[in-house]
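Just so it is clear, none of the values below were taken in a lab; they were calculated from the coordinates. All values derive from a computational prediction rather than experimental measurement. We place every Cβ from the backbone using ideal geometry, glycine too, and count neighbours over all the protein chains shown.
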Amino acid sequence: MEIAQKHIVLLTPGFPKDERDDTCIPALQIFAKRLQKLQHCKVTVVAIHYPSKKIEYVWNGIKVYSLGFKKMFLGVKKRSVFRVLETIHEKQKISVLHSFWLGECAYYGHYFSKKHRLKHLTTLMGQDAKKGNKFVKKLPSDCMQLITLSAFQQDLFYTNYGVKTKIIPWGVEKFEEDYKEKYIDIIGVGSLINLKNYTAFIETILLLQKEFPAIRSVLVGEGKQAKQLQKLVKQKQLQNNITFTGKLPYDETQKQIARSKILLHPSHYESFGMVFAEAMAHKAYIVSQKTGIAQESMFWKTGNSIQQFASFCKEFLTRKNQLIASGLSIEDTVSEYVKCYYNEK
C-alpha cells in the first residue's frame with residue numbers, strides 16, 4: 001500500500017545559511033536531512049531570525065525561506081510569517097507544521113495551523129521549559145502536540161506549567177571513524193557561558209592535576225565567558241593541562257569527542273544534552289550534573305560539586321575496559337516524529 005506524501009514545514013528561529021554552515025543547530029540539521037530522505041515526506045523550512053536577511057535558497061535538497069527578522073513587533077512579524085506560509089501552502093498543501101522551541105515559532109505556527117486546520121507540533125528544545133516562558137500563556141496547549149526531549153525536561157515543564165507532553169529523545173548520526181587511541185583525557189563541549197558552569201570544569205582539572213600532573217583536557221566552544229575562563233586557567237597555572245579550541249566545525253568537534261576518554265559537562269541545565277548522546281556514540285565516559293538525559297550507570301556518573309566531579313573522573317581515568325558505542329539514533333527520532341505526523345500511536 002502506497003503511503004500518501006506529507007508536506008512537513010519546519011518553523012525554526014535559525015537554520016544554516018548554506019551547506020558549510022554546520023554549527024548552526026546541528027541537531028536540527030541532521031533531523032531535516034534524515035526526514036527529507038523519506039520518500040513519503042517533503043520538507044520545507046521557514047527560518048525566522050537566521051540567516052539574517054530575507055532570502056530563499058535550497059539546502060541539501062530542502063527549500064528554505066529565511067525571513068531575517070530583527071527588532072519589530074510580534075504582530076508585524078506574524079503577518080510576514082503568514083505571507084510566506086500562505087505562499088508555501090498554495091504551492092503544495094502543508095500537512096504538518098512542526099515548530100521548534102515553545103516561543104515565537106510556536107506562536108506563528110499555532111495561529112496559522114488554526115486558520116487552515118493543520119496538525120501542529122512543537123518541540124521544546126532548550127530553556128523554554130523553565131519558568132518565565134511568556135508564550136505558554138499565549139498558546140492553548142490542547143491545540144498543538146507538545147514534545148519534550150527527556151523525562152527531566154518533561155517533569156520540569158509539568159511542574160512549572162501543569163501541562164503534559166510526549167517524550168521523543170534526540171538521536172545522533174552513526175559515526176564511521178573509531179578512534180581507539182584516546183589521547184585527550186577530559187573534554188568539555190558547549191557555549192562558554194555561565195549556565196554551562198565551565199569554572200567548575202577548570203577547578204576539577206586543578207584538583208586532578210595534583211594526582212595526574214600531565215592530564216590533558218580540551219574545552220571546545222566560544223562565548224561571553226571565554227576571556228574570563230582563559231584568565232582563570234592562567235591564574236591556576238593550567239596552561240599545559242587545558243587547551244581552548246574556540247568554536248570548531250561540527251565534524252571536527254565530533255573527532256575531538258571521539259579522541260577523548262571522558263566528557264566532563266558541569267552544566268547547570270540541559271533540556272536533553274546533545275553532547276551526551278554524541279559522547280555515548282563515541283565511547284566516552286560521562287561526568288555531569290543530573291540534568292537532561294543524565295542517567296547513572298557504569299559509564300556515567302552524576303554529581304554537583306567539583307570534589308565529586310574529580311572523584312568520578314579519577315575513577316574513569318584509571319579504568320582499563322573499552323566502552324561500547326551506545327546511545328540514540330537519529331533514525332529512531334525521525335521514526336517517532338513520523339508516527340506523530342501520521343497520527344500513529
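Going from the fewest other Cβ atoms within 10 Å to the most, the residues Lys71, Lys255 appear in the order Lys71, Lys255. Positive-end ranking of Ser260, Tyr161, Thr302 along the dipole of the chain, with charges on Cβ about the Cα centre, is headed by Tyr161.
In plain terms, the bigger the Kirkwood radius, the slower the diffusion; for region 184-317, with that radius from Cα pairs, at 25 °C and 0.890 mPa s, Stokes-Einstein puts D at 170 µm²/s. Under a GNM of the chain (C-alpha, springs under 10 Å), which listed residue has the highest mean-square fluctuation: Thr199, Thr302, Thr87? Most flexible of the set in this elastic network: Thr87. On the basis of the beta-carbon distance and an R0 of 56 Å, Lys231 and Cys143 show a calculated FRET efficiency of 0.70.
Neighbours of Gly221 by Cβ distance under 13 Å: Lys/Arg scored +1, Asp/Glu scored -1, total +1. Amide H contacts of Lys119: Leu97, each under 5 Å away and 5 or more positions distant or on a separate chain (H built 1.01 Å from N in the peptide plane; Pro and chain starts excluded).
You can think of it this way: the chain between Glu56 and Phe244 has 64.1 nm of extra reach, that is 0.36 nm per residue less the Cα-Cα gap. Distances between placed amide hydrogens fall under 5 Å for Ser267 paired with Gln289, all partners being 5 or more residues away or on another chain. Relative to the longest principal axis of the Cα atoms of the chain, the long axis of helix 306-317 lies at roughly 80 degrees.
What residues from region 176-220 fall in the zone where the backbone N is under 14 Å from a label point 7 Å along the Cα-to-C-beta line of Lys314? Answer for region 176-220: 204-213.
The chymotrypsin sites (Phe, Trp or Tyr not before Pro) found in region 62-129 that occupy coil by DSSP, while having at most 15 further C-beta atoms within 10 Å, are Phe73.
Relative to the longest principal axis of the Cα atoms of the chain, the long axis of helix 74-91 lies at roughly 70 degrees. Cross-link partners for Lys320 among the lysines, with Cα-Cα distance under 29 Å and sequence neighbours closer than 8 places in the same chain left out: Lys174, Lys180, Lys182, Lys210, Lys255, Lys261, Lys283, Lys290, Lys301.
Would you work out the relative contact order for the chain, in percent, from Cα pairs under 8 angstrom that are 6 or more residues apart?
15 percent
Could you work out the equivalent-ellipsoid semi-axes for the chain, taking the square root of 5 times each eigenvalue of the Cα gyration tensor, largest first, in whole Å?
Semi-axes, largest first: 38, 21, 19 Å.
For a 22 Å ceiling on Cα separation, which of these pairs sit above it: Lys6/Lys33; Lys37/Lys93; Lys91/Lys134; Lys63/Lys138; Lys6/Lys53? Before the final figure, lay out the partial values.
Details: Lys6/Lys33 15 Å; Lys37/Lys93 19 Å; Lys91/Lys134 34 Å; Lys63/Lys138 30 Å; Lys6/Lys53 29 Å.
Distance filter (> 22 Å) returns Lys91/Lys134; Lys63/Lys138; Lys6/Lys53.
A run of the chain free of exposed loop cleavage sites, with GluC sites (Glu not before Pro) counted only in DSSP states other than H, G, I, E and B and at most 12 other beta carbons within 10 Å, reaches its longest extent at 20-175.
Per-residue ellipticity at 222 nm computed for the chain from its helices equals -10500 deg cm²/dmol, with DSSP H segments shorter than 4 residues left out and the rest contributing -39,500 (n - 2.57).
Compute the signed sum of charges (Lys and Arg +1, Asp and Glu -1) over the other residues within less than 12 Å, Cβ to Cβ, of Asn240.
+3
From the alpha carbon centroid of region 28-85 to that of region 97-131 is 14 Å.
Return a whole-number percent for the relative contact order of region 222-321, with Cα pairs under 8 Å and 6 or more residues apart as the contact set.
Over region 222-321, the number comes to 20 percent.
Against the chain, whose longest principal axis comes from its Cα atoms, helix 226-235 is set at around 10 degrees. Across region 13-132, Cα pairs under 8 Å and at least six residues apart give a relative contact order of 17 percent.
Computed over every Cα-Cα pair of region 224-283 and binned at 10 Å starting from 0, the pair-distance distribution P(r) comes out as 18, 43, 36, 3 percent.
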